1. For residues that are of a type outside the set (Val, Ile, Thr) and touching a residue at least 60 places away in the same chain (Cβ under 8 Å), scanning just region A:142-151, find the one that is farthest from the other protein chains (Cβ to nearest Cβ).
2. Regarding B:Arg17, is this residue closer than 15 Å to B:Ala61 by Cβ, within 11 Å of DNA strand E (Cβ to nearest atom) and surrounded by 15 or more Cβ atoms within 10 Å (Cβ to Cβ)?
3. Condition check: of a type in the set (Val, Ile, Thr), within 10 Å of another protein chain (Cβ to nearest Cβ) and touching a Ser or Thr at 6+ places or on another chain (Cβ under 9 Å). Does C:Thr184 satisfy that?
4. Suppose we keep only residues that are part of a loop (DSSP other than H, G, I, E, B) and surrounded by fewer than 20 Cβ atoms within 10 Å (Cβ to Cβ) within region B:24-45. Which one would you say is farthest from DNA strand F (Cβ to nearest atom)?
5. Give me the residue from region B:26-48 that is over 25 Å from the mean Cα position of the chain (by Cα) and more than 17 Å from B:Asp65 (Cβ to Cβ) and, out of that set, farthest from DNA strand E (Cβ to nearest atom).
6. Can you confirm whether A:Leu203 is in a loop (DSSP other than H, G, I, E, B) and within 22 Å of the chain's Cα centre (by Cα)?
7. Output the number of the condition that B:Gly48 fails; it satisfies all remaining conditions of (1) buried (at least 18 other Cβ atoms within 10 Å of the Cβ); (2) more than 21 Å from A:Ala122 (Cβ to Cβ); (3) small (Gly, Ala, Ser).
8. From the list B:Gly131, B:Gly157, B:Gly124, B:Gly147, which residue is on the phi > 0 side of the Ramachandran plot and out of contact with any Asp or Glu (no Cβ under 7 Å at 6 or more places or on another chain)?
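Read-outs: derived from the displayed coordinates by stated rules, not from any lab. Since the model is a prediction, treat every value here as computed from it, not as a measurement. Virtual Cβ from ideal backbone geometry, glycine too; neighbours counted across all protein chains shown.
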There are 4 protein chains.
Amino acid sequence: MPEPKAPDASRRSERSRRAIFDAALALVSETGYAKTTVEGIAARAGVGKQTIYRWWPSKAAVLLDAFLDLAARAAEEAGATGGRTELPDTGDLAADLRLVLRATVDELNNPLYDAPTRALAAEGSTDPELGARFTTALLEPQLQVFGRRIEAAQAAGQADPAVDPRLATELLVGPLHHRWLHRTGPLDHAYADALVEHALRGLTPRP
Amino acid sequence: MPEPKAPDASRRSERSRRAIFDAALALVSETGYAKTTVEGIAARAGVGKQTIYRWWPSKAAVLLDAFLDLAARAAEEAGATGGRTELPDTGDLAADLRLVLRATVDELNNPLYDAPTRALAAEGSTDPELGARFTTALLEPQLQVFGRRIEAAQAAGQADPAVDPRLATELLVGPLHHRWLHRTGPLDHAYADALVEHALRGLTPRP
Amino acid sequence: MPEPKAPDASRRSERSRRAIFDAALALVSETGYAKTTVEGIAARAGVGKQTIYRWWPSKAAVLLDAFLDLAARAAEEAGATGGRTELPDTGDLAADLRLVLRATVDELNNPLYDAPTRALAAEGSTDPELGARFTTALLEPQLQVFGRRIEAAQAAGQADPAVDPRLATELLVGPLHHRWLHRTGPLDHAYADALVEHALRGLTPRP
Amino acid sequence: MPEPKAPDASRRSERSRRAIFDAALALVSETGYAKTTVEGIAARAGVGKQTIYRWWPSKAAVLLDAFLDLAARAAEEAGATGGRTELPDTGDLAADLRLVLRATVDELNNPLYDAPTRALAAEGSTDPELGARFTTALLEPQLQVFGRRIEAAQAAGQADPAVDPRLATELLVGPLHHRWLHRTGPLDHAYADALVEHALRGLTPRP
DNA sequence: AAGTAACCGAGACGGTACGTCTCGTCTTCTA
DNA sequence: TAGAAGACGAGACGTACCGTCTCGGTTACTT
């Protein structure tokens, strides 16, 4: 297979990479994903179009990397050292989950994150390649934070050990994302709290 | 305001409408939503482009109507007369939910439905106008089937009356859609069953 | 052979055709042929690029048609009715040829004609397809004016009947074009006169 | 004036120069001038692009030098020592001219020479700078061969001393080039012979 | 039956963006 | 320190569609 000849990454211009990320995020925030064009990103970044096409296959891929970079920088800023963000473990599972789910709600309501995330989720749901990258790089880490906390809870006897931690995670995150994506109702802290409560207690009436 | 002049719906060609729906669904199935163009639909349907633009504002809108039409025809075929599809009430809430959730899984796994649904969900998450139509016309009816069954369960003492039926619905449907949309795991009957079980019983360990 | 589908010439926009011609000639005059781009012509003409590519295969083809149109209009203006331009026949062959050759010199020295003609001759010498069109449509008619006058001269006993009229024509026009194309010397009326004289009398010394 | 910094010619790599010439001529022969690119020449020659741009201003300039080099080598091979090629002087002007004009015809018909010459003539007719170099270095020496022979003929009384030798030269070469460039008729020995005859005798009928 | 509206298939139009190609410059690494 | 390698900013290429705008040619309602 005569692979179309890969460019030499070691000679890549960091300056251009940064400029492209900044331009991409700015344009998506300002004019929306659909109206953002590769041509526009290149122009705004002061970069040739080919410099974008050399390193990314599509504008969605550019935006995904730009967003990952943004998230990484934000995380680094928050977590001082580049360590992994972790869900707190105060011993009170419900309280801990509420805290993080509320934070997730806030993030999804932040227009700065909302627009690119929507666009990426949308594009990813159609383009499997991108969807995989989106899931692995952006979504999965978030989910596994929940997963680990729930495993800890199971070990501590705070959660039913028979439940698949992954399913438990989805029981919390799934409804949240559903409401966010389809705008089927208010997305606020109250909703996050209620979600935690009923995911833990179930729908069956207690005696 | 000189409203851009509405066409006379009574003189509309049913023949063309059908041909457009068929062409749209076929093209999306065959080549994917992104590669489907209004021009292509018109050509395949043997129709002028203007005939599409006269009645729909975008290809997404065409596809949504085409899909609604498809669903309506499928429902009519299944439900004999055009009555409203309803979730069965055998008295066993868990069994009833399992049944429908399994059916939903089958539907989402059916490539004939998968492609258009993904495309519409994607487009709708970006375009609020379309998203609203998508939600109201396609999603909401499905959700309310669950809602009504849960309300009945609450009335019969099979479900905690303190839970918002809408939240309960999302607790079941949200994780399912999440896994489907992001392809984060296998989407099968076992998953549907586990979902029902844990949504009902909760994550908290039982004594 | 799946001919790429010809556009319907009867629906062609005369307005656009004219605008394209004007823009093409203006740009070539102002900035030169090499710096003239299809994109630039389209922009200047207020026309979509596709409208150019729909009707012409290359910018050279556009310019050729534009130039032919210009020549046709100039001829019509000069010759009152659209009759064919003809070399005068005063009975004095040398005088008649001088007249026309001087006119040719003036034309080649006119920067308005010079730039496009050079460009077309250049492009045509490389692209055989275009070269053929250039020759047939632009060059040949000019040459045949000479050809006919020489035939008349032969009939009237003013010219050697043994000479191929085509060769005779080239004996007059060839040197002129050569000097023009390669700028190997001054191109003026004196040169035209000398050319006529020696083409008629030959290089051999007269007794 | 800060002359853009001239490279040190003494350190120039002869190896690269040769490789560039070979690559340029090969590519023009194989794929045509238009499809030949500086990038392609550099790649084929195993040379950096900058090495070309350091020494030549354009691909036409490269090709011109490559062609001059080719011609020089061919001449050296033919003329044993590097002496100047000269038109023979057998005393019979017509015969001598026929001989050289026939040779010119053969050269113009040789596809190895035809393609680059056409390209250079074309480019030169548009780009005055290059045109001047083309004329001086390639065309002029050829023309002056004729010029000198004609002067000799005049001195020997074989040619009208009143005729400008330059014009006489053009009377022979101009028609030939014209027919070659515009492909307006067959270019063969018969044409060369006829050209010589009528250039010498003129078009006027002899008593 | 003639007249008249408007929908229809068709497709040319002015545009925008695409993804590719080549230009001529600039930078980095190697011999 | 010249040269190979090739990334870069720039921008034209030719293509694909967009959404609008005429064009006749059918219908289907007036008069």
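1. Checked region A:142-151; the qualifying residue farthest from the other protein chains (Cβ to nearest Cβ) is A:Arg148.
2. It is true that B:Arg17 is closer than 15 Å to B:Ala61 by Cβ, within 11 Å of DNA strand E (Cβ to nearest atom) and surrounded by 15 or more Cβ atoms within 10 Å (Cβ to Cβ).
3. Spelling it out, C:Thr184 is indeed of a type in the set (Val, Ile, Thr), within 10 Å of another protein chain (Cβ to nearest Cβ) and touching a Ser or Thr at 6+ places or on another chain (Cβ under 9 Å).
4. In this case the residue turns out to be B:Gly32.
5. Of everything passing the filter in region B:26-48, B:Glu39 is farthest from DNA strand E (Cβ to nearest atom).
6. In short, no.
7. (1)
8. Within the list B:Gly131, B:Gly157, B:Gly124, B:Gly147, the selection yields B:Gly157.
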